[in-house]
Each structure stands twice: as structure tokens, then as C-alpha cells.
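Reading through the C-alpha cells given below for one structure.
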Amino acid sequence: MTLAPDPVLLDVSPEGVAILTLNQPEKRNAFDELMIANLSEQFETLKGADHVRVVFIRGAGPTLCAGADIDWMRRGGERTVADNEADALALARMLRHLHELPQLTVAVAHGAAMGGGAGLLAACDIAIAVKDTKIRFSEVCLGLTPATIAPYVVEAVGPRWAKALFASAESFDAEWAEKIGLVQYTVEDEAALKGMMEHVSDLALAAAPGAVADAKALVRFVTGHKIDDALSKETARRIAVRRASAEGKEGLAAFLEKRKPEWNS
């Protein structure tokens, strides 16, 4: 009996560069219960992996992710509302685990990123995509809504664009996605993805890991807060804590001594 391949593969370099690969190319890496569960497990593992500095998410085969698996959707149509809610909650929690990882997270797209696959672009800190990657929130054409990915897409592109793209289900490419903030870097072809991944890896390895985690938390905290004295005091407190931290002291010492800090040596 031949065992099915793992739906998700994780490879971590000695330097701390993690590559998480969606590994169901025959299904265009579409989400099903097994892949979602495996991704959640991997994100839980990475959350506590202090040696990991950057996490790349990419797809095996011709595409990043085609959205929801057809058989999974068919089974959903035969289940109760409660069962469907449990399924959707697993996906929502998986995306939240990704969004809350302390490391720099990077989605790497080629071919297509549809539905939940486009949600991966939004849930990561950075998205890199080949310029002709097809992206679409197609849920309304199936009588559905992109509910579980909505918080991350709205955060990435704002409510106006999210509403337009969710309600119209219009297809667009990575170059357009870059214009609205869903993608940060577009490249000419898949060969160029490697160079951009190396560039982002270099950026991540040059940054203090604790400071990266705190910087991500800082953005989440200030978003939506009124700019007032209370916010000024809180941001002042946060930078003071960083200055007094071991990383803050090492970073300043390295700068004054004209050397690389210990996290980038």
C-alpha cells in the first residue's frame, strides 16, 4: 500500500530560513481538512521555534493554492450548519496562527492564488508573486462569501477594495495586486522568485528576532487607535522596553563598534 504524501512539507535551514510547501499539486494545493490541520500543526511548531527567523509559504507544482478543494466543498454541502461551522473555524484558526507568528512571514505565489490561497497572501507579512499570477476572490460566484479570510484581506487592502473584489469576484494579476497592497513584490518569472526570496531572507536575518515580533505586535496595536496622549505614552513605553532589552543594547553596541550584531553574525 502506497502512503499518500504529506500535504505540507517543512524545511528549515541551519540559518533559520523555513520553507513551508503546500504539497498537493494534483489538487492545485487546494485546501481540505487534512491540509488545514497540517498547516495549523506546522504553525504551532514554528511559533515556538526560536531559531527560525523567516517563514516562506509556497506551493508545489503549477500554483500556490486554488482555494477550497472540490471534494471538501461537496462534503460541506451534505453537512449540517454546525459541522460546516466547525470546518470553517479550523480554517479561521489556521489563518490566525499564521498571522500571529512572531517571525517574518512571506507568501510566495505563482500560477494562481484563489479564494483561501489569496487569503494566504493577506495573512502573511509580505507577499511575493510572479506578475501573471491569477488572483481572485470567487466565493460569491458559488453562493458563498470569503468570510474566514476577510479580516486579513481588509487589513491588507482596506474595506473599499475588499468590498469591490469580494462582491465582484473580479480576477486580477499580481501587478494589480501590488497596486492595492495585497502583494509587496512582483517578479518577472518563477526563476526570479528565488532571488527575491534570498533578498527577503537577508533582510530577516539582519533584523533582531525579538524586535521583529514586537514590530508586528506594534502595528496590530496602533491600528485603529486614536492618536492621543494615551497612545503616545504606550508607544514611548514600548520603545523604552526595547532600548533596555538585550537586543536593544547589543544593537547599539554593534552600531557603535561598527560590527554586525550577534543575531546577524
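Throughout, read-outs are computed from the coordinates displayed, never taken from laboratory work. This one's a predicted model, so the numbers in the text were calculated from it and none came from an experiment. Quick reminder, even Gly has a Cβ in these numbers, built from the backbone with ideal geometry, and neighbours come from all protein chains shown.
Side notes on the structure shown:
- Around the Cα centre of region 8-89, unit charges on the Cβ atoms of Lys, Arg, Asp and Glu (plus for the first two, minus for the last two) sum to a dipole of about 280 debye.
- Whole-number percent relative contact order across region 138-196, with pairs defined as alpha carbons under 8 Å at least 6 apart: 30 percent
- Within region 165-265, GluC sites (Glu not before Pro) in DSSP loop having at most 12 other beta-carbon neighbours inside 10 Å: GLU188, GLU257
- Cα centroid separation, region 193-265 to region 11-72 (Å): 26 Å
- Coil-residue trypsin sites (Lys or Arg not before Pro) of region 168-241, DSSP, other Cβ within 10 Å capped at 16: LYS226
- C-alpha long axis of helix 33-47 to longest principal axis of the chain, angle in °: 0 degrees
- Zone residues, region 90-125, relative to GLU170, backbone N less than 17 Å from point 7 Å out along Cα-to-Cβ: 115
- Calculated mean residue ellipticity at 222 nm for the chain: -15500 deg cm²/dmol, from DSSP H runs with n ≥ 4 weighted as -39500 (n - 2.57), summed, divided by the residue count and rounded to 500.
- ASN84/CYS141 FRET efficiency (R0 22 Å; Cβ-Cβ; nearest 0.05): 0.75
- Axis of helix 159-168 versus longest Cα principal axis of the chain: the two differ by about 20°, to the nearest ten degrees.
- The GluC sites (Glu not before Pro) of region 6-86 meeting both criteria, a DSSP state outside H, G, I, E and B (loop) and at most 15 other C-beta atoms within 10 angstrom of the site's C-beta, are GLU15, GLU78.
- Stretch gain in nm, segment ARG96-ILE180, where the contour uses 0.36 nm per residue and the Cα spacing is subtracted: 28.0 nm
- Summary value for region 56-113: 73 percent relative contact order, contacts being C-alpha pairs under 8 angstrom separated by 6+ residues.
- Degrees, to the nearest 10: 246-256 long Cα axis against longest axis of the chain: 60 degrees
- R0 of 41 Å, Cβ-Cβ distance ARG160-GLU234: FRET efficiency to nearest 0.05: 0.90
- Multiplying the residue separation of ALA244 and GLU188 by 0.36 nm and subtracting their alpha-carbon distance yields 15.8 nm.
- Fully extending the segment from GLU257 to GLU26, taken as 0.36 nm per residue of separation minus the present Cα-Cα distance, adds 77.8 nm.
- Option label - Cα Rg over 2.2 N^0.38 Å computed here, alternatives (1) 0.96; (2) 1.01; (3) 1.07: (3)
- For region 208-264, the Cβ-based charge dipole about the Cα centre amounts to some 60 debye (Lys, Arg positive; Asp, Glu negative; other atoms uncharged).
- Here the relative contact order of the chain, from alpha carbon pairs under 8 Å that lie six or more residues apart, stands at 15 percent.
- Anisotropy class assigned to region 26-168 is rounded, per the alpha carbon gyration tensor with a/c under the 1.5 cut-off.
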